[in-house]
Every structure is written in C-alpha cells, then in structure tokens.
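Below is one structure, written out as structure tokens; the observations come after it.
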Amino acid sequence: MKFEATTKEVLSYIAAYASLTIGFGLLIAGFSVPPVGEIDTSVQLIFAQILVFAGSILGIALHVDNK
C-alpha cells in the first residue's frame, strides 16, 4: 500500500510543523527577554493556541487517513 499525499495535505502538514516551530521559538524568546526566566501569560496563551491548531490539523488528517 503506497501513500501519496495531495498538495493540500502536504501544505497542512507544513503549516502544522511550522507553527509548532514558531511556537517553541516564542517560548525560548520568552525566557530571554526581561524579566529573564519568566514567560508572560500572553506567550503561554499563544503557544496553547498553536498547539490546538497543530493538533487539530494533524488529528483530522489521521482521522481521514484511517477511514
């Protein structure tokens, strides 16, 4: 069984992984700006939204692939 992804699927995977990478970058940047070592609540909220976005993209893709 050979898996061939469409352009739409590839773009959704790229968007999910890119947003996760940007989210981790924001968390790391949150540690380095004053006050050092504390992450602001807004950065945590944005990262949580990014996790929900990426999880929904990847979860929907897995659900469709299994049907």
Mean separation of Cα contacts under 8 Å (at least 6 apart) over the residue count of the chain, i.e. the relative contact order in percent, is 38 percent
Working from Cα positions, state the angle (0 to 90°, nearest 10) between the long axis of helix 41-66 and the longest principal axis of the chain.
10 degrees
Here are several values of Kirkwood radius over Cα pairs in Å: (1) 12.0; (2) 14.1; (3) 13.5. Which one was derived from the coordinates shown?
(3)
How much length would be gained if the chain were fully extended between Lys8 and Ser32, taking 0.36 nm per residue of separation minus their Cα-Cα distance, in nm to one decimal?
5.0 nm
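Where a number appears in this text, it was derived from the coordinates with a stated rule and is not lab data. Model, not experiment: these values are computed from the prediction.
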